[in-house]
Amino acid sequence: MLKKTLLVILVVGIGIQFVPVPTNQNDEVLKTDFFQHIEAPINIQTMVESSCYDCHSNNTNYPWYGRVRPFVWFLQKHIREGKDDLNFSTFQEYSGRMQREKIRSVISQLRDGKMPLEEYLWMHSEAKLSLAETARLIDFFENLNTQ
Ligand code: HEC
C-alpha cells in the first residue's frame, strides 16, 4: 500500500512538470517603465528592481525553483495578482492621478512592512529591505508625490 502511494506521488510529481506555465519574462525595457521617466538614484532603482520587479513588472528573474511545479504556480499567482495592482513596466500608462495613487499605495505598503511579501523573502533574502533602506525608499516615493 505504502509502496503504491509513493509510486503515485512520484508519477504525479513528475507528470505535473509537463504542465505548461506561461513565463513573465521580457528583457526589453519598455518606454513606459517607471525608471525611464523618473530620475532616481541608482541605489533606489536597484532596490526597487531587486525587491519588487519579480512580481510588479513584465520581467521576472526566475529563481531555481521557478521552473519546478507546484512552486512556480504560487509564484505565478503572485505575479498575476501583483501586476494587477501595480506594474512598474507599464507605469506610464496609468493616468497622472492613478500614478499618484499607486505611489501612495507603495508608501503605505512599505510603511506597514507588507512588501515584499513575507513568503517570498523566505527564498529571496537578497530582496529583504533593512529598516534604513525602507526609510530611504519611502523618502524617495514621498518626494515624488509632493513634486
Ligand atoms: C512575491 C511577489 C511580490 C513582491 C516581490 C512584491 N509584491 Fe507587492 N504585491 C504582490 C501581490 C500578490 C499583491 C496583491 C495582493 C496583496 O495585496 O497582498 C501586491 C500588492 C502590492 C501593492 C498594492 C497594495 C494594495 O492593496 O493596494 C503595492 C503598492 C505593492 N504590492 C508594492 C510592492 C513594492 C513596493 C514591492 C517591493 C518593495 C513589492 N510590492 C514586492 C506581490 C509582490
Single unsatisfied condition, E39 versus (1) over 19 Å from N145 (Cα atoms); (2) at pLDDT below 95: (1)
Per-region count, the stretch 70-126, residues closer than 21 Å to V21 by Cα, within 10 Å of the ligand (Cβ to nearest atom) and of a type in the set (A, V, I, L, M): 3
Residues within the stretch 11-25 that are part of a loop (DSSP other than H, G, I, E, B) and either of a type in the set (A, V, I, L, M, F, W, C) or in contact (Cβ under 8 Å) with a residue 40 or more places away in the chain (or both), tallied: 4
Subset of the stretch 6-59 that is within 26 Å of R136 (Cα to Cα) and charged (D, E, K, R) - its residue that is farthest from the ligand (Cβ to nearest atom): K31
Unmet criterion (only one of (1) modelled with pLDDT under 95; (2) surrounded by 14 or more Cβ atoms within 10 Å (Cβ to Cβ)) for R67: (2)
Positions within the stretch 22-60 being touching a helix residue (DSSP H, G or I) at 6+ places or on another chain (Cβ under 9 Å), loosely packed, with under 15 Cβ neighbours inside 10 Å and within 27 Å of K77 (Cβ to Cβ), in sequence order: P22, T23, N26, V29
Verdict on L137 being in contact with a helix residue (DSSP H, G or I) (Cβ under 9 Å, 6 or more places away or on another chain), modelled with pLDDT under 95 and of a type in the set (A, V, I, L, M): no
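The values are calculated or read from the model by the stated rules, or taken from the named source; none is laboratory data. Not measured: the values here are computed from a predicted model. Backbone-built Cβ (ideal geometry, glycine too); neighbour counts: all protein chains shown.
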